[in-house]
Amino acid sequence: MKKLLMTMMAALTLSVAQAQVKPVVLGEKHVMLRLEQGQKYLLMPVQETEEIAAIAVLDAHNEMVRRLNVKLAVDRVDYWVPFELKGNRLMDIEFHGDRRQKGAVGEFVCWKEMKFSDTFDTTNREHFRPIYHHTPLYGWMNDPNGMFYKDGTWHLYYQWNPYGSQWENMTWGHSTTTDLVHWQTQPTALEADWLGSIFSGSCVTNGDEVVAFYTSAGHHQTQSMAISKDGGRTFQKYPGNPVLTTNDIPDFRDPRPFWNEDIKKWNLILAAGQEMRIYSSNDLKTWKYESAFGKDYGNHGGVWECPDLIKINDKWVLICNINPGGPFGGSATQYFVGDFNGHKFNCESMPKVTKWMDYGKDHYATVSFYNAPENRHVVLAWMSNWQYANQVPTKQFRSANSIPRDLGLFTCGEETYVSVVPSKEMLNIRGKKLKKPVEACEIVVDVKNQAEIVLSNTKGEEIVMTYDGQKQTFSMDRTKSGNVSFSEAFPCTTVAPTFGTIKQLRLFIDRCSIEVFDAEGKMAMTNLMFPSEPYTSMKVKGGKATIYEIKL
């Protein structure tokens, strides 16, 4: 009897864990799925090499309440993603692609592997997930959005796909921190509506309210806003959306509003094709077009995106992210230094001068925190490149943010440049000295006029960094860094000008990334790498290195 009972319990456990979803097949590409309401989630199996299945979610009145694009598994499962049921009744699913190659839709593996569950396991299963960089709990992430500081808390929103680890289903994810290192995942902030997906944007604090501006990406790109009365935890979309539109260009996005104390008004800058457009407002709702900047200035190898306009000391810096067109292919962050009177930005450099904020391959969508304390200008970047972001060798999640950085200014010759240094919070996690590198550490290298730094592992994989004081350059070679096979654009050597001599370098290593800074802020370089095992050996010629553990 005891043996029979144990057998019955084992069978019951198996049936709960592997309960097969039974789809209603309506055609060779069309399926309906009835949603059970006894549990919190439907766990959907994803196969990244498959084409997107378009899913309409219907409520009890057969009204469509959500639309999702998910790469449902056909013959294997890469991972699962959760869909919260919330009283929804039915999924209407349409597959794409040639069914003659894929087989009968009713036999797809997704139906055998779908599960209803009250929980979703977010335990880290990724060899390359960073230890001290911000990452999404699961799913795809790209641009940082809506960053602001209020009441001791730093808020980071981000472009997020909760239903896969490749770009799709854009919403605003949300994380918070009190120290710019330890991040807490918060509930989703903004989800798509009938104006479109939620593309990039920014937040401002206005009294007790937090106001988010974002691009509604539907048939056309328009600008919308949402208001939070609880410090940025939840938002209500403004009933007068969209608040800003255009009919002359398809790429019209990424609004960045800010209070301009010089003119006692709000300004807003956004990207429009290959220029930035500037607006003004008294109430954040009605916007007046003021001017455009960009024609013939800087790099125009791709679409301009994710602008920022900040005042540093007595100068204004216009940050302009561009894709493609970066110095080593793909996406990167350029900037312009000049003056701004609330109506027009004037660049102080000649039009053809291009200035890059970071000379690595994996530094994009750089924007600053609004209302940062101590008049600081703290920025984060997306640590990837559109050339291969969807293909990097992770599955449970994709992409991380850079470490926080503080911006300033310095001069070299007749030009003014933006300085970039690790934010002071990074010193708080500097631990004891180590004898050799580990998978997450900081390395400080005092260098002479010529220096070479080689990080390597027992597999012969290596990163080679070279400082040439005579040529005033710093380079990083990742062609033999580990797995470089997922994209032809990945193996490369990046080279940066140093704008003078370098005395000390700071290297931040975290499993799949390395960020290198001139300690004085004149050079920054960010690159991903995917070694099969951590770099535990370091050789330094022409310098002296000190290795610190990261203390979390």
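The values are calculated or read from the model by the stated rules, or taken from the named source; none is laboratory data. All values derive from a computational prediction rather than experimental measurement. Every residue, glycine as well, gets a Cβ built from its backbone with ideal geometry; the counts of neighbours run over all protein chains shown. Just the protein is used for accessible areas: all its heavy atoms, side chains included, with ligands, DNA and RNA removed. Shrake-Rupley method; radii C 1.70, N 1.55, O 1.52, S 1.80 Å.
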Those residues of segment 439-465 which are open to solvent by 20 Å² or more (accessible area, probe 1.4 Å) and among the charged types (D, E, K, R), in sequence order: 439, 446, 448, 452, 459, 461, 462
Segment 192-212, subset under 25 Å from residue 163 (Cα atoms) and without any contact (Cβ under 8 Å) to a residue 60 or more places away in the chain, residue surrounded by the fewest Cβ atoms within 10 Å (Cβ to Cβ): 194
Filter result for the condition that a residue is touching a Lys or Arg at 6+ places or on another chain (Cβ under 9 Å), charged (D, E, K, R), open to solvent by 30 Å² or more (accessible area, probe 1.4 Å) and outside any strand (DSSP E or B), over 520, 488: 520
Of the criteria (1) among the aromatic types (Phe, Trp, Tyr); (2) in a strand (DSSP E or B); (3) touching a Pro at 6+ places or on another chain (Cβ under 9 Å), which one residue 199 fails: (3)
Qualifying position, being part of a loop (DSSP other than H, G, I, E, B), aliphatic (A, V, I, L, M) and open to solvent by 10 Å² or more (accessible area, probe 1.4 Å), among 227, 310, 263: 263
Residue in segment 127-149 that is open to solvent by 10 Å² or more (accessible area, probe 1.4 Å), over 19 Å from residue 398 (Cα atoms) and part of a loop (DSSP other than H, G, I, E, B) present: no
Yes/no for residue 454 being more than 16 Å from residue 530 (Cα to Cα), of a type in the set (A, V, I, L, M, F, W, C) and either modelled with pLDDT under 95 or not in a loop (DSSP other than H, G, I, E, B) (or both): no
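Filter segment 313-342 down to the residues that are part of a loop (DSSP other than H, G, I, E, B) and open to solvent by 10 Å² or more (accessible area, probe 1.4 Å) and list them by number. So that I can check it myself, show each step before the final result.
So the first thing to find is which residues in segment 313-342 are part of a loop (DSSP other than H, G, I, E, B), and the list is 313-314, 324-331, 341-342.
Residues satisfying the conditions are 313, 314, 324, 325, 326, 327, 328, 329, 341.
So that you can scan it fast, the table gives a plain yes or no per residue for (1) of a type in the set (Phe, Trp, Tyr); (2) within 24 Å of the chain's Cα centre (by Cα); (3) crowded, with 24+ Cβ neighbours inside 10 Å:
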| position | (1), (2), (3) |
| --- | --- |
| 497 | no, no, no |
| 500 | no, no, no |
| 511 | no, yes, no |
| 526 | no, yes, yes |
| 536 | no, no, no |
Segment 341-350, residues that are in contact with an Asp or Glu (Cβ under 8 Å, 6 or more places away or on another chain) and within 30 Å of residue 142 (Cβ to Cβ): 345, 349
Selection from segment 394-427 of residues that are out of contact with any Lys or Arg (no Cβ under 6 Å at 6 or more places or on another chain) and closer than 14 Å to residue 130 by Cβ: 394, 397, 398, 399, 400, 401, 402, 403, 404, 426
Subset tally (residues that are at pLDDT 95 or above, touching a Ser or Thr at 6+ places or on another chain (Cβ under 9 Å) and either closer than 17 Å to residue 96 by Cβ or open to solvent by 70 Å² or more (accessible area, probe 1.4 Å) (or both)) for segment 37-73: 3
Criterion: free of Cβ contacts under 8 Å to residues at least 60 places away in the same chain and either surrounded by fewer than 16 Cβ atoms within 10 Å (Cβ to Cβ) or over 26 Å from residue 444 (Cβ atoms) (or both) - qualifying residue of 385, 390, 371, 375: 375
